[in-house]
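To start, the structure itself, in C-alpha cells.
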Amino acid sequence: MRLERPHLLAECIARLERTCGERGAGGPRVATGWPAIDAHLGGGIASAGLHEWWGASEDVRAVLVQLAWRAVLQDDAERPGQCRHVAWVGRAAWPSPDHLVRGLRAPLAGMFGATRIPSWPDARLHDRSILVDVPAHDDGARLWAIEQAARCPGVCAVVADGRGFPMPATRRLQLASSGTLLLSMRGPERRAGERRTVPSACATRWWVTPASGIREVPWLRAMHALAARIVPEPAWTVRLERAKGVGIDPDACPEAVATEWWRTEGVPDAPARVRRVRAHRVARAASLREARAS
Amino acid sequence: MHARSQPWFAAIVPVRPAPGPAALRRMAERCLRWTPRVHAEHVEGDWPLILLDLRGCLEVHGGAPRLRERIARAFARRGIEHACCMDACAGAAAARATAHAIELSASRTPGAALRVPLDRLAIESLRIGADACAALREVNVRSVGELRAIGRAALADRFGPTVGMRLDQASGARAWDFVPIPHPDPPRAAFEFASPCACPEATARATRHALEDLCTALAARARGVRALAVRMERAGLPAVRGTVHLGVPTRDAAHLWAVLRPRVERMHLGRHELGQGVERIALVALRTGRVPDGMGALVPGVGTRGMPAAPGGPGPADAARRALGELVDQLAARLGDDAVRRPAT
C-alpha cells in the first residue's frame with residue numbers, strides 16, 4: 001500500500017518520539033548542582049515528576065529553595081521571556097523572603113581569600129513566587145491546590161507541603177506533574193524507617209539532614225577558617241534513597257553536601273535601572289566635554 | 001499661598017502619532033484612571049489637548065511627581081510621544097504643554113518651555129489658531145509677553161475674543177472652559193427570571209447565560225474583565241452582592257463560571273414554597289483590561305487546524321501569564337481571597 005502523505009507520518013513519529021523521550025530517562029532534567037548525584041541521575045532530577053523530600057521542615061525547605069533557583073534559571077534558559085512562576089503551597093513550604101533573593105552576601109564571598117567576582121543581587125525567584133495558603137488540617141484542599149498548581153502551564157516548579165498524603169494522593173500528584181517539577185515535603189519521620197515503608201508513587205525519594213562535622217565542632221570550624229577552606233554555613237547532607245529506573249544500593253546511597261550557594265552568587269550584569277543611570281551619566285559627561293571644547 | 005503652588009491641572013499634548021478625534025477620545029477615557037474629570041479638545045489646525053483636573057486626586061497617586069511618572073509611563077508604553085505639564089492654572093498648564101510639544105516636534109532640546117516664564121513662550125503655545133499666529137508674526141509679535149503688551153481692545157478688533165480669552169486663561173484671570181467627558185458605560189449583562197427561582201441548577205444555568213452575554217459585550221470592545229460585580233436579587237430576601245477580582249483580564253465564560261461557581265453554590269437561594277428565590281442576576285465589569293487577540297486558542301502559538309498563529313497574536317509568554325492568572329483565580333475562589341500572596345518585600 002502506498003502511503004499518501006509520508007511527511008505527516010514522519011511528523012507523527014517525531015512527535016511520539018519527542019513525547020516518549022520527555023517522559024523517559026532522556027527527558028529534560030534540572031541539574032541539582034551536586035556532581036555525584038547528577039552523575040547518578042543522568043544530569044539531574046527529572047523536570048517533570050513528583051520528588052519527595054523527607055527531613056525536618058526547615059532543613060528541607062532550605063534545600064528546596066536551592067532547587068527552585070535551579071529550576072527558574074533553567075526555565076529562563078529554555079523558555080526565555082515566559083517568566084514562569086514557582087508556587088509554594090502550604091505554609092510549611094513558604095520560604096523566607098530574603099532566601100528568594102540571591103547574591104545578597106556576594107560582597108562577603110571574598111572574605112576568606114577566595115577570588116571575589118563583582119555581582120548584583122538577583123530577585124527573579126522573589127518576583128516569580130506565589131505563596132498559597134491552604135486551611136490547616138484540610139488535606140483535601142491541600143491536595144487540590146497542589147494538583148491545580150502542578151497542572152498550570154504558567155508554573156515551572158511547585159514546592160508543596162506533602163505531609164501525610166497516602167498512596168492514591170501521591171499517584172494523583174505524579175500524574176498531575178507531567179509537565180512540572182513537583183517537590184513535596186514529607187516532613188520528619190514519626191518512627192524510624194518510616195520513609196522506607198510509606199507507599200508512594202514518587203519518582204525520587206530524598207533524605208535531608210543537617211551536615212555534621214564542621215558545623216558542630218568549634219575548633220574544627222576555627223581550623224578550617226584559618227586554612228581558608230571553610231564550608232559556607234549552614235550545610236545539609238542530601239541523600240538520594242530511591243529513583244525510578246535507576247538502581248540504587250540501599251547501603252550506599254549517593255550523598256552530597258548542600259550549601260546556600262545562592263546567597264553569594266549574584267548576576268554579573270547590573271540591573272536595567274542602574275545601567276540607565278550610568279548611560280545617562282556617560283552621555284551627560286560627553287555633552288559637557290563637547291560644550292567645553294566648543 | 002501654599003494651595004496655589006499645588007499643581008491642580010495636568011495638560012497632556014500628544015505629539016507623535018498625531019491622534020484624530022476618536023483616538024484622542026480614547027486617550028482621554030484612559031486618563032479617567034487618574035481623575036474623574038478629564039477634558040479633551042481637538043480643534044482642526046491646532047494641537048490636541050487633554051486636560052486633567054487633579055484637585056483631590058494627588059494624594060491618591062502619591063504626589064505630583066509620581067503621577068507625572070505614571071502618565072509618562074502609560075503613554076510611552078503605547079508608543080505615544082507626548083508633552084505633559086502640571087500647573088495650578090489650567091491655562092498655564094495647557095500653554096506650557098503646547099510649547100513643550102512644539103519643541104518636541106521641532107526636535108529641539110526639550111524642557112525649556114517648562115522652566116521659562118510664561119511671557120517668553122511663543123504665541124503658538126496659547127492655542128489661538130494658525131491664522132492669528134501668522135498675522136501676529138507679520139507685525140513682529142512672537143512671544144506671549146509681546147502679545148500681552150498690546151491693548152485688549154485692539155486685539156479684540158483684529159482677532160476677535162479668542163486671543164484675549166486665551167491670555168486671561170494663561171494668566172489665571174479666567175477659568176478654562178472645562179467640559180468633562182462622560183464616563184464610559186461599563187459592560188454589563190443580566191438575566192431576569194419570569195418568577196422567583198430557588199432551583200440551584202436553574203440559577204447556575206442562568207448565571208452562565210449572563211456570563212456569556214457579558215463576554216460577548218466584552219468581545220465587542222476587545223476587552224477582558226478584571227473586576228466583576230455580581231448582584232443576585234432575591235424575592236423575600238435581601239440581595240446578595242459581591243465583587244470578584246481576577247488575576248488577568250479575561251472574557252472566557254468557562255473560566256468566569258469556574259471562579260463564580262463556588263460562590264453561587266454557597267448562596268442561599270430561598271424556599272420556593274414561601275415564594276422566595278432569585279429574581280434577577282446582574283453582572284457589571286467594573287474594571288476591564290486588554291486581552292491579546294486570539295487568546296481563545298487551545299494551544300498557545302497554534303491557530304485553528306494546526307496552522308501557525310497569526311502574527312501579532314498571543315505567544316507562549318501571554319499563554320503562560322494567562323494560565324497563571326487563571327490558577328490564582330481558581331485558588332482564590334475556593335480557598336479565599338487571601339489564600340494567594342506574593343512574598344513580602
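Rule-based calculations on the coordinates, nothing more; no lab input. Computed from a predicted model, the values in this text were never measured in an experiment. Neighbour counts run over all protein chains shown; Cβ positions are idealised from the backbone, glycine included.
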- Task: Please report, in cubic angstrom per residue, the volume enclosed by the convex hull of the alpha-carbon atoms of the stretch B:176-264.
- Result: 152
- Query: For the stretch A:33-172, how big is Rg over Rh, using alpha carbon atoms and the Kirkwood form of Rh?
  - Reply: 0.99
- What number comes out for the charge environment of B:CYS215, summing +1 per Lys or Arg and -1 per Asp or Glu over other residues with Cβ under 13 Å away? +2
- Kirkwood hydrodynamic radius (C-alpha pairs) into Stokes-Einstein, the stretch A:28-287, 25 °C and 0.890 mPa s, D in µm²/s: 124
- Task: Report the full-extension gain for the segment B:ARG188 to B:ARG290: residue separation times 0.36 nm, less the Cα-Cα distance, to one decimal in nm.
- Result: 35.0 nm
- Quick note on B:THR345, B:THR288, ordering by fewest other C-beta atoms within 10 Å, gives B:THR345, B:THR288
- Query: Using the eigenvalues of the Cα gyration tensor, what equivalent ellipsoid semi-axes result for chain B when each is taken as the square root of five times the eigenvalue, whole Å, largest first?
  - Reply: 51, 24, 18
- the stretch B:216-299 - convex hull of alpha carbons, volume per residue in Å³: 104
- Message: Please compute, for peptide A:86-95, the average count of beta-carbon atoms on other protein chains lying within 10 Å of each residue's beta-carbon.
- Response: 1
- Residue exposure sequence - B:ARG26, A:ARG124 - by fewest surrounding Cβ within 10 Å: B:ARG26, A:ARG124
- By how many degrees, 0 to 90 and rounded to 10, does the Cα axis of helix B:161-171 deviate from the longest principal axis of chain B? 80
- Message: Would you report the distance distribution of C-alpha pairs in the stretch A:136-195 as whole percents per 5 angstrom bin, up to the bin with the largest distance?
- Response: 4, 19, 30, 23, 15, 7, 2, 1
- Message: Just want the ordering: A:VAL86, B:VAL259, B:VAL116, from fewest to most Cβ atoms lying within 10 Å of their own Cβ.
- Response: B:VAL116, B:VAL259, A:VAL86
- Note on the structure: In degrees, nearest 10, the alpha-carbon axis of helix B:316-335 is tilted away from the dominant principal axis of the alpha carbons of chain B by 60
- Message: Based on the alpha-carbon set only, what is the convex hull volume of the protein assembly as shown divided per residue, in Å³?
- Response: 299
- Message: Residues of the stretch B:126-147 with the amide nitrogen closer than 15 Å to a label point 7 Å from the Cα of B:ASP119, along Cα-to-Cβ, please.
- Response: B:142-147
- Tail weight of P(r) past 20 Å, computed on alpha-carbon pairs of the stretch B:7-108, percent: 29
- The base-10 log of I(q)/I(0) that the Debye equation returns for the stretch B:2-171 at q = 0.12, 0.16, 0.19 Å⁻¹, one scatterer per C-alpha, is -0.53, -0.93, -1.26
- Cα shape, the stretch A:46-126, gyration tensor, a/c 1.5 rule: oblate
- the stretch A:121-170 and the stretch A:54-104: distance between their alpha carbon centers, rounded to Å: 12
